[in-house]
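**Q** To start, I am sharing the structure in question, which I have written as structure tokens.
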Amino acid sequence: MRRLSDYYGPQFYKYSARRRQIEKPVLRMQNEQPKHHGKHSLRILGGNVSDTSNYPYMAAIIINGRLWCAGAIVDVNWVLTAAHCLNYVLHVSPLKNLGKYVKIRVGSTRPHEGGILVDVEVAVRHPKFEEEPVPHADVALLKLKENLPLGTLVNIIKIYQGTVQPFAQSFVSVSGWGASKGSYTAFKDPTPDLMTARLKVRTQHFCTDAYQLVNGLQITPDFFCASLRNGTRDACLFDAGAPAVQENRLMGVMSFGPEHCGHQYQPAVFIKAFYIRDFVKETIAAYKTNQELIEALAEAEPDFYTPHPEPAEEMSFLNEAPQMIDE
């Protein structure tokens, strides 16, 4: 079976009275590199230029010097994004030098200037992440090498703790640096500014029907969809990992959408906060506990934790850089 990364998705079958015609692939991972070049700038389709102070939780994920995805600050040194954003770096980046390839920029509306640029120390994908036949548990956490200076321009967004929202017909705000027209957008021309669009949450029935003609694709309850029916606003290429926000709470994380942004009948797809918040909480807590243990052992007398004469060598593994967790 081919992977989603081999092309833009399963084949879309259009049925007619005369014949069944294969049109084109329609499923698009939100940060897939487009194959064609055009004149459109990379941006949230139909969105407005955003002020950093209104979206201080936004993070631009830079891989090998290029804008790759969006993310959200969920702790003082943690950023939440989509798991498939790490597919490229997992193949080319040595685990011990992750920060050389993966960086996060916060506190700026522009992905390549201003604000604060921080190296990524550890990448943790959801243990149940699957990419085929359709993304599942498509979330990951990036641990930064240093704590962020929280304030007006850089701050944490809290994850929604309920089980029922977002309600259908309500609106979510989605911010990012995404492309304007799917595969016809030039990969090399990122938007100069952070863009934001308000999208309407669709019913589960609408979401399922929108993708039911996609071979092998089912929209499961851990997803919700959002768009405007006329296609004037949408999330697009490089918006993978972008947070969907409602009432200052993170309601979901961008995963995938149709090949062409702003498709009238196929909305962008987000994984619900309800299905990812335990992963976020437990992962951050585990790393904090390990760090506290390391610091406590470092401050203790040598004989307290080992009878050997050279405790530093015996405990040297504690000072090694954590490795990327991958399934």
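**Q** All but one of (1) within 18 Å of Ile73 (Cα to Cα); (2) outside any strand (DSSP E or B) hold for Glu132, so report the exception by its number.
**A** For Glu132, the exception is condition (1).
**Q** Out of the residues in segment 95-129 meeting the condition of being outside any loop (DSSP other than H, G, I, E, B) and among the charged types (D, E, K, R), tell me which one is farthest from Asn54 (Cα to Cα).
**A** Result: Lys96.
**Q** Taking segment 251-278, which residues are touching a strand residue (DSSP E or B) at 6+ places or on another chain (Cβ under 6 Å), modelled with pLDDT of 70 or more and surrounded by fewer than 24 Cβ atoms within 10 Å (Cβ to Cβ)?
**A** Across segment 251-278, the qualifying residues are Lys272, Arg277.
The values are calculated or read from the model by the stated rules, or taken from the named source; none is laboratory data. Everything quoted here is computed from the prediction, not taken from an experiment. Every residue, glycine among them, receives a Cβ derived from its backbone with ideal geometry; neighbour counts consider all protein chains shown.
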